[in-house]
Amino acid sequence: MTFTRRAFCAGLGGVAGLALTRPALAAPPTLTARKATVQLAPEGYPTTEVWSYDGTLPGPLIRVPQGGRVTRQLINALDVPTSVHWHGIRIDNAMDGVSGLTQDPVPPGGTFDYDFAVPDAGTYWYHAHKNSMEQVARGLSGVLIVDEATPPDVDRDEILMLGDWLLDPDTGAFVEPFANPMTMSHGGRTGNLVGVNGQYAYGLTAETGERLRLRLINSANARIFGLRLQGMSGWTVALDGMPLDQPEPLTTEIILAPAQRVDLIVDVTAAVDQPAALLMAMSDDSWQALVEVTVTGGRTPRADPPAPLPANPNTALPDLSQARSLEIAMEGGAMAGMDSAVFEGERLDFRGLIERGQYWALSGQSGLSDTPFATLQRGEPVRIKLVNRTVFPHAMHLHGTHFRQIGPDRTLGPLRDTILSFPDEPLEIAFTADNPGKWLFHCHMLAHAATGMTTWIEVA
Ligand code: C2O
Ligand code: CU
């Protein structure tokens, strides 16, 4: 048996419309990392033993009002150490969950109390941040929603956590090893089974004319999704949790890199029984339904476009005229290579790096160094040029604060926490270093992060 989306799609028509099967809003005050057995592959295929939060995949939905607190005791019931990172939250550094930088990993049988304020409304997620390349691929992630005090005028708010899994179709088990030199040195671990909210054939039902908020989250290890709507039209209203100043009409394909989120507000335009779907681009340039929407009735559509989401509190633009300029170069990987880099304090040539499992570097440094890439003063504006000297795209993520891309005309783009960098297309980001602590900056293709493409900055 092989996994292809087309093969799976046949015979799955009846599954569309299943409700999300996780224990939704009543989340417990604990979050237990543990093994569980779930049906990831379509019915008829074997079940999969996953590493989960609270036994479900994705983990339990955590939903709090803006300005509230997230309080969870992590209980580690796995056989390996772990920690939880709250991706995109402008968080107290001690709660950021980065094993080896902001906390010690939680040993098997241990606990850690996460307790932090959430200043910004939006769509976020949480995931393991210890050996993430393996732990996230095995299922350790979930959704974190911070609700606006006044929600937008929509009929429904739907969460769509996109992911992929690399499974052996005959056993249902994850393909091992997770640390595979071939995938680590190339694009990363890409699954052979794509799904949404932990299900292969996740679907929705809706009525013609309904207005939906769709919160898309890319939880995949390495896959970049190309997405398009069918039978729906709408607007982008937020990126990486942060509202756009104005809703932007959706006219082109949505590119969603690993860890990125996009909030859409869409109107269902398809008539009853006409096709409606979130489509994904396939490698052969065709489009296939990733989330089928079954259209069951009709109502009068809203006449007006949606209002912008209420702005979050941290939207002041960094002062470019005062900004310190830094440059971070992405280096290494298959087909580009690098002469040498420093790893654990030692300068190694390419062969030496590979022997130590390092395929990538950021500006000549593979993996974390004892000292930060840069130390910024609190409140200091900074601009960082990102130069991609590899032949692969990289989804570069900064912890603890959002940044903006500097446009060619020095205009500042929307706030983001993860930006996709393409070879030979340098880009520049800017932010004000207003959150004190030690913050990771790394590629969210998790195999790249694990094999060199990780650094950190300090805000004093
Ligand atoms: Cu979403 Cu350092 O991670
Ligand atoms: Cu990368």
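The values are calculated or read from the model by the stated rules, or taken from the named source; none is laboratory data. Values in this document were obtained by computation on a predicted structure and should not be read as measured data. Using ideal geometry, Cβ is built from the backbone for each residue, glycine included, and neighbour counts are taken over all protein chains shown.
Assorted remarks:
- Taking residues in region 392-416 that are under 23 Å from residue 312 (Cα atoms), and partners anywhere that are surrounded by fewer than 16 Cβ atoms within 10 Å (Cβ to Cβ) and among the hydrophobic types (A, V, I, L, M, F, W, C), the pairs with Cβ atoms closer than 6 Å and at least 6 places apart or on different chains are 412/317.
- Only a single item in (1) under 26 Å from residue 311 (Cα atoms); (2) out of contact with any Leu (no Cβ under 9 Å at 6 or more places or on another chain); (3) more than 15 Å from ligand 1 (Cβ to nearest atom) is not met by residue 415, and it is number (2).
- Close pairs (6 angstrom Cβ cut-off, 6 or more residues apart or separate chains): of a type in the set (Val, Ile, Thr) in region 35-47, surrounded by 14 or more Cβ atoms within 10 Å (Cβ to Cβ) and part of a loop (DSSP other than H, G, I, E, B) anywhere: 37/47; 38/57; 47/39; 47/172
- Test: residue in region 282-297 that is under 30 Å from residue 119 (Cβ atoms) and either within 24 Å of the chain's Cα centre (by Cα) or of a type outside the set (Asp, Glu) (or both): no
- Meets criteria (within 23 Å of the chain's Cα centre (by Cα) and either of a type in the set (D, E, K, R) or surrounded by fewer than 18 Cβ atoms within 10 Å (Cβ to Cβ) (or both)) for residue 412: yes
- The residues listed here are 201, 173, 222, 206; of these, the one that is modelled with pLDDT under 95 and of a type outside the set (Phe, Trp, Tyr) is 201.
- The condition (being away from ligand 1 (no atom under 16 Å from the Cβ) and either part of a loop (DSSP other than H, G, I, E, B) or surrounded by 18 or more Cβ atoms within 10 Å (Cβ to Cβ) (or both)) is satisfied by just one residue among 404, 351: 404.
- Of the strands (runs of 3 or more DSSP E) contained entirely in region 168-236, those carrying at least 3 residues that are within 16 Å of ligand 1 (Cβ to nearest atom) fall at 211-218.
- Residue list for region 125-165, restricted to those being over 24 Å from residue 280 (Cα atoms), polar (S, T, N, Q) and in contact with a strand residue (DSSP E or B) (Cβ under 9 Å, 6 or more places away or on another chain): 131, 132, 135
- Among the residues making up region 430-455, those that are assigned to a strand (DSSP E or B), within 21 Å of the chain's Cα centre (by Cα) and either within 16 Å of ligand 2 (Cβ to nearest atom) or of a type in the set (S, T, N, Q) (or both) are 440, 441, 442, 443, 454, 455.
- Only strands (runs of 3 or more DSSP E) whose full extent lies in region 246-311 are considered here, and the ones with at least 3 residues that are under 23 Å from residue 206 (Cα atoms) and touching a residue at least 40 places away in the same chain (Cβ under 8 Å) are 261-268, 276-281, 287-298.
- Filter result for the condition that a residue is at pLDDT 95 or above and either in a strand (DSSP E or B) or within 15 Å of ligand 1 (Cβ to nearest atom) (or both), over 425, 458: 458
- Subset of region 385-401 that is part of a loop (DSSP other than H, G, I, E, B) and more than 14 Å from ligand 1 (Cβ to nearest atom) - its residue that is farthest from residue 221 (Cα to Cα): 389
- Filter pass, residue 154 being over 17 Å from the mean Cα position of the chain (by Cα) and either more than 16 Å from ligand 2 (Cβ to nearest atom) or in a strand (DSSP E or B) (or both): yes
- Count - residues of region 237-264 that are of a type in the set (S, T, N, Q) and buried (at least 18 other Cβ atoms within 10 Å of the Cβ): 1
- Search result, residues across region 314-371 that are on the phi > 0 side of the Ramachandran plot and aliphatic (A, V, I, L, M): 335
- The condition of being hydrophobic (A, V, I, L, M, F, W, C), more than 29 Å from the chain's Cα centre (by Cα) and loosely packed, with under 14 Cβ neighbours inside 10 Å holds for only one of 303, 270, 307, that being 303.
- Look at (1) touching a helix residue (DSSP H, G or I) at 6+ places or on another chain (Cβ under 6 Å); (2) crowded, with 24+ Cβ neighbours inside 10 Å and you find that residue 417 fails only one, number (1).
- Which listed residue is among the polar types (S, T, N, Q), away from ligand 1 (no atom under 16 Å from the Cβ) and out of contact with any Pro (no Cβ under 9 Å at 6 or more places or on another chain), from 111, 71, 150: 111
- Being modelled with pLDDT of 95 or more, in contact with a Gly (Cβ under 6 Å, 6 or more places away or on another chain) and away from ligand 1 (no atom under 16 Å from the Cβ) holds for only one residue in 430, 361, 447, and it is 361.
- Scanning region 389-401 for residues that are within 16 Å of ligand 2 (Cβ to nearest atom), surrounded by fewer than 21 Cβ atoms within 10 Å (Cβ to Cβ) and either assigned by TED's automatic domain parsing to the domain that holds residue 236 or among the polar types (S, T, N, Q) (or both) yields nothing.
- Selection from region 38-76 of residues that are hydroxyl-bearing (Ser, Thr, Tyr), touching a Phe, Trp or Tyr at 6+ places or on another chain (Cβ under 9 Å), outside any loop (DSSP other than H, G, I, E, B) and surrounded by fewer than 22 Cβ atoms within 10 Å (Cβ to Cβ): 71
- Test: residue in region 241-253 that is under 17 Å from the mean Cα position of the chain (by Cα) and closer than 16 Å to residue 160 by Cα: yes
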